[in-house]
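I have placed the structure first, in the form of C-alpha cells, so that the comments after it can refer back to it.
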Amino acid sequence: MNNLSHAQLTESFSLADRLSTDTEKLLAFLDAHFALSEGSHRNVSQYRVYFGRLLAHLSTGQCVGLKNPSAFLDYGGDRECPSLISLSHERKLIELHF
C-alpha cells in the first residue's frame with residue numbers, strides 16, 4: 001500500500017487533486033528537508049514507526065530511516081501504517097496526513 005499518495009502538506013502543497021506536479025513538489029520537499037538515510041521519498045511504498053523511529057519501506061525492499069531521526073516527532077493511527085506523521089524542520093511543524 002502506498003500511503004504517500006494520500007499525503008497532504010496543507011501549508012504549501014495539496015495532493016487532493018492528485019496532480020503529478022504537486023506530488024513531485026512534495027517529494028522534492030521531503031527529500032530536501034527530511035532526507036532518508038538512503039534512497040528517496042519517491043521510492044517509498046510505506047512508512048511505519050518502529051521503536052519510536054520513522055522507517056520508510058522502499059520499492060527495492062530496503063527499509064531505511066531518516067538521515068536526521070530527530071526530525072520525526074509523532075504519528076497518529078496505527079504504527080504499521082500511520083494516518084499522520086509529524087516532522088519538524090527549523091522549528092516548523094510539518095504534518096503528513098495519509
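Per-structure values
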item: For the range 28-50 and the range 65-85, distance of Cα centres in Å; result: 11 Å
item: Computed lengthening from L93 to H33, 0.36 nm per intervening residue step minus Cα-Cα distance; result: 20.4 nm
item: S83 long-range amide H proximity, modeled H, under 5 Å; result: G76, G77, D78
item: Net charge of Cβ neighbours under 9 Å - reference I85; Lys, Arg +1; Asp, Glu -1; result: -2
item: Amide proton proximity set for L66, modelled H, under 5 Å, gap of 5+; result: S37, L54
item: Whole-Hz couplings from phi, Karplus 6.51/-1.76/1.60, listed for the range 21-38; x for Gly and Pro; result: 5, 5, 4, 5, 4, 5, 5, 5, 4, 5, 5, 6, 9, 9, 4, 7, 4, 8
item: Residues whose placed amide H lies under 5 Å from that of H89, excluding near-sequence neighbours; result: I94
item: Two-site label geometry, T23 and T60: point separation in nm, points 7 Å out along Cα→Cβ; result: 2.1 nm
item: Estimated distance in nm for a label pair at D78 and Y50, the labels positioned 7 Å out from Cα along Cα-to-Cβ; result: 1.7 nm
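Every number in this text was worked out from the coordinates using simple rules, so none of it is lab data. Keep in mind that this is a model prediction, so the values were computed, not measured. Cβ coordinates were reconstructed from backbone atoms using ideal geometry, including for glycine residues, and neighbour counts include every protein chain displayed.
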